[in-house]
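The values are calculated or read from the model by the stated rules, or taken from the named source; none is laboratory data. Note that the structure is predicted; figures quoted are calculated from it, not measured. Note: ideal-geometry Cβ built from the backbone for every residue, glycine included; neighbour counts use all protein chains shown.
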């Protein structure tokens, strides 16, 4: 984060934080603090709360606001805090943005509203409406599997002209799309491009991406930071070696349940097993039962042995 | 509504009410009252607030709660009030359900949570969690184009065993699916099956469906009630004649914009033109501009002439 | 079929014939003759070969041409023969059309080419190219689940202006779409609209559709013909009673396997059990194994008991 | 290609050849020879005919067989020839495979059958059926946007046990999926993994992929070969520079039309402008009209200037 400029630039590993909870209505505050300190100690370049990994859309609104306050206080400016404000109701997005601003968060992140099926012109109009009403800089968040709409390169180009829109996080997994974006925006060096899926952080950083918003850095922040640094340095051999550990995590931790929620369930279960925080998940998801938990514990041990 | 039984049965035309608004944060209360009286005067069998047609997911939460209170008070038990509690956060659904219960609403309606991609077993678990925690009876709401999941017939069958789950509204437009549901549930006479798209109300009622939750009944409640009655009576000729007016509405009112939102924009614009309420739409949708409005005014006049 | 006019009009029950085979390369000619006679004896208004139910796209081309010749000869003008010419290669569609014409078939049926992802203008251009080069009248065939494209109402309207394009078969199951089509084309009384899924034949004929292209009429032609006649006569009680048998067939015969192919596997298995023809299926599908076959035999017996 | 072993291993840039045609039924044989010599002179590691870029599914079957014969004769073993046998009818796939074997092609490539909607077990059964009946080694071809099915990593793992199945070409553009595949198959060093979209060749080769099957190498084979070599050598700076030209081609040549076919239309148009072969396209696609052609000519000139 560039302290000499009014608009910060972002890069590196930003942890999309899981949300530690005791139950449907209460945060696990001890777990939250432990998690934040663990992540920052690992050297990440920022934290991102209230994203998909944070189960944002499942949380009660008072908890979302509380999470912003607590996280900003606990992080205490050691790293930038990005706050997800994705919502189907723009008024609720704006309320979350207000809290973020009051708590001195660094930036906002907003995926398209995900109930109605929008066209690209409607999407542009929406983002401009939102961007006009916020003070913090904002990232677009492309997540077509969940929002039913892809933010097309032309749309990104158009929106990048808005002062408050400073970057994009792409969770599509489609690097053909991502590379088209990078090319199309090649003359706008201030716009940041992050990828979500950690399986592609290595390659996208090698080719010019700004970094990764990678769930695995909740567990093993150092690993992802080292991967990022190796990629920036162009040290291919090191990249390959670290990438292979990331792929093992993807295969052995995120792939144990059925349905699209395996990643999230596996990650939260692992954080529970690592003693960092409670593994409670908010409806409509539910934590792993004993069988998956036992398998995951074994797999996790193997990975820890490699990393130590 | 059967006053002799604790579990009401529902049938007929239920109006999925648009939400009259002055701006992003304020209800158009005069419009709301006018609309409610207009609908009830037209003989509809119930009203449904906070559905897709009501832009529920776009509204600030305080407005959603207020809308429940005002509507229940204004309707004043003249017809049953159904309240949409669809949300990605189950805690917010439950809060809406509480308000509905306190205001003596008749039933709840819940579509699947629409952010995460769920499997059918996760969906069953979700609906059971919800149904265990509410007091009012609840309808399932199938809306795959918006929620990314179809509530499979087996899932409906399983959920129908829960005391609090009393029916389903299907907005898929797929009557092959709807007829499979009706057949599969043929021994459960207390379970209600409504369709959303008014283009298929005639045929589904003819073959045993409970009725229609049809947006057009905001404008022309009598037309839809007559159509329902003709279908129940098996008066095919009358059904065909009324159905053809409904199709004209579909073609000339709902089909003027681009994108999936044409229906909603057209309907709200028409209600404004009819002098019933404000045509403000909440983000991410926006009301028609002059060009579409002028065309719609002409089409609307033609339809009114036929109906008078 | 109107013998006084050059362009026939079609209506009623048209059987989408399964293709009786001995193995990957040989037709079951005895089975084919038995099936044709069985169907015609049941009173159907036409047969349709080389459709989805006929596994057209799985068959070797020489077999497709042979099937046209044999079927036309065996039917011997007792009822109209419709021939599917759907193909990704327009040249192969035209060759099939030539054979159909030489064998005095009555009409052609073509779904959109199903490999490339086309836009509606490309689809119009394609159908016009095809229609310009054939002599027999042609039906459009809407099958979005298999072809990845919906033939939009505007596209149908435009294509209906071509002399050789005389109707549409819709297998989408979406009667909201179907009713929009009927309404949009209400002034073109010569254009025919058939539905594929037998679960919706009753209602679509009640509201003005031309008939059904229903797989079940391979097994029980009389049932479907009676259902059609009752719907045309507006005899709702009889329609309901017959529709409920059709729904039992849908539930108990077409729903025993996994995956999208249950319908086709169940239907062909039943025809084998009824002693009409071989139940061999061409790759990539395969006939039911003993377990499903035994269950199906039981269900089939129950249905036969009701029908006798 | 390893001449010491019976099973060749493949790597590098394989050109998915467009099919030069004079009209719907005739190959442009002069153009074909010119194209082949141009490509081989550029140093590519193999050619692949009858793929998506070759409009395979649009071509008459006699032309497909003729293309195999002519190409194998013209290439005359200078580089390996891979032959697409993708078809909905397995018998036609086998006939193409026979011709390929007789012409001494090097390998076959087969996407899933693309009409019926299959489950993964049906897909495994299909590929095993096919692989049992061919003599040449075969690549799986993942193309979910066109075939409606993703070949899941577990399916690839299972199929890789078949002697005749030696690799996979992935055209999904989803490198998260691709990296999961590479990791899952990390112990099978003989299995090859190619990507289709040239926008991701650089990164996938950097991380261990076998190479790219890139349409652009029809035009500029040397560029893609150099890119591959730089990636294998781990020369990041050179990779970035060459990758940026590839992205310019993607942006300025493949992006001028509407619909999914822009890539194919742009590529064939460019080959016509380069004087290599006729730009005729088979239905349902059609060559660019003057407007797009003029724009493309300008863009092409800019790229040629950079490359010379």
Here are some residues: C:126, C:115. Which one is more than 19 Å from residue D:23 (Cα to Cα), within 22 Å of the chain's Cα centre (by Cα) and within 7 Å of chain D (Cβ to nearest Cβ)?
C:115
If residue A:25 passes every condition in (1) farther than 30 Å from residue A:231 by Cβ; (2) within 15 Å of the chain's Cα centre (by Cα); (3) surrounded by fewer than 24 Cβ atoms within 10 Å (Cβ to Cβ) but one, which one does it miss?
(2)
Selection count, segment A:76-95, where residues are away from every other protein chain (no Cβ under 11 Å) and surrounded by fewer than 24 Cβ atoms within 10 Å (Cβ to Cβ)
5
Test set (1) closer than 16 Å to residue C:215 by Cα; (2) surrounded by 17 or more Cβ atoms within 10 Å (Cβ to Cβ) - residue C:262 fails condition number:
(2)
Check off (1) touching a residue at least 40 places away in the same chain (Cβ under 8 Å); (2) within 19 Å of residue D:196 (Cα to Cα) for residue D:262 and give me the number that stays unchecked.
(1)
All but one of (1) within 14 Å of chain D (Cβ to nearest Cβ); (2) closer than 27 Å to residue A:30 by Cβ; (3) at pLDDT 95 or above hold for residue A:297; which doesn't?
(1)
Got a number for residues in segment D:231-263 being under 23 Å from residue C:116 (Cβ atoms) and at the interface with another protein chain (Cβ under 8 Å from one of its Cβ atoms)?
6
Checked D:223, D:285, D:242, D:298 against criteria (part of a helix (DSSP H, G or I) and within 19 Å of the chain's Cα centre (by Cα)); the one match is D:223
Cβ contacts < 8 Å: first residue within 9 Å of another protein chain (Cβ to nearest Cβ), restricted to segment B:177-197; second residue surrounded by fewer than 18 Cβ atoms within 10 Å (Cβ to Cβ) and in a loop (DSSP other than H, G, I, E, B), any location; separation 6+ or different chain. Result?
B:182/B:208
Within segment A:74-92, is there a residue that is part of a loop (DSSP other than H, G, I, E, B), out of contact with any helix residue (DSSP H, G or I) (no Cβ under 7 Å at 6 or more places or on another chain) and either closer than 20 Å to residue A:210 by Cα or at pLDDT below 95 (or both)?
yes
If I ask for residues that are touching a strand residue (DSSP E or B) at 6+ places or on another chain (Cβ under 7 Å) and either part of a loop (DSSP other than H, G, I, E, B) or closer than 21 Å to residue A:9 by Cα (or both), which ones from segment A:173-189 would you list?
A:173, A:178, A:181, A:182
Taking only segment A:139-160 into account, find how many residues are without any contact (Cβ under 8 Å) to a residue 60 or more places away in the chain and within 7 Å of another protein chain (Cβ to nearest Cβ).
1
Please tell me if residue A:285 is under 27 Å from residue D:152 (Cα atoms) and more than 14 Å from chain D (Cβ to nearest Cβ).
yes
For segment C:47-87, which residues satisfy the criterion of being on the phi > 0 side of the Ramachandran plot and touching a strand residue (DSSP E or B) at 6+ places or on another chain (Cβ under 9 Å)?
C:50, C:55
Enumeration of residues in segment C:198-207 that are touching a residue at least 40 places away in the same chain (Cβ under 8 Å) and either more than 7 Å from every other protein chain (Cβ to nearest Cβ) or assigned to a loop (DSSP other than H, G, I, E, B) (or both)
C:198, C:201
Hey, among C:242, C:273, C:285, C:267, which residue is more than 23 Å from residue D:122 (Cβ to Cβ) and in contact (Cβ under 8 Å) with a residue 24 or more places away in the chain?
C:242
From C:136, C:108, grab the single residue that is away from every other protein chain (no Cβ under 14 Å), touching a strand residue (DSSP E or B) at 6+ places or on another chain (Cβ under 6 Å), surrounded by fewer than 22 Cβ atoms within 10 Å (Cβ to Cβ) and at pLDDT 95 or above.
C:136
Return the residue satisfying two criteria in turn: it lies in segment A:43-61 and is more than 14 Å from chain B (Cβ to nearest Cβ) and not in a strand (DSSP E or B), and of such residues it is surrounded by the most Cβ atoms within 10 Å (Cβ to Cβ).
A:44
Among (1) within 24 Å of residue B:173 (Cα to Cα); (2) touching a helix residue (DSSP H, G or I) at 6+ places or on another chain (Cβ under 8 Å), which single condition is residue B:287 missing?
(1)
So, in segment B:93-112, of the ones that are under 17 Å from residue B:63 (Cα atoms) and part of a loop (DSSP other than H, G, I, E, B), which residue ends up farthest from the chain's Cα centre (by Cα)?
B:103
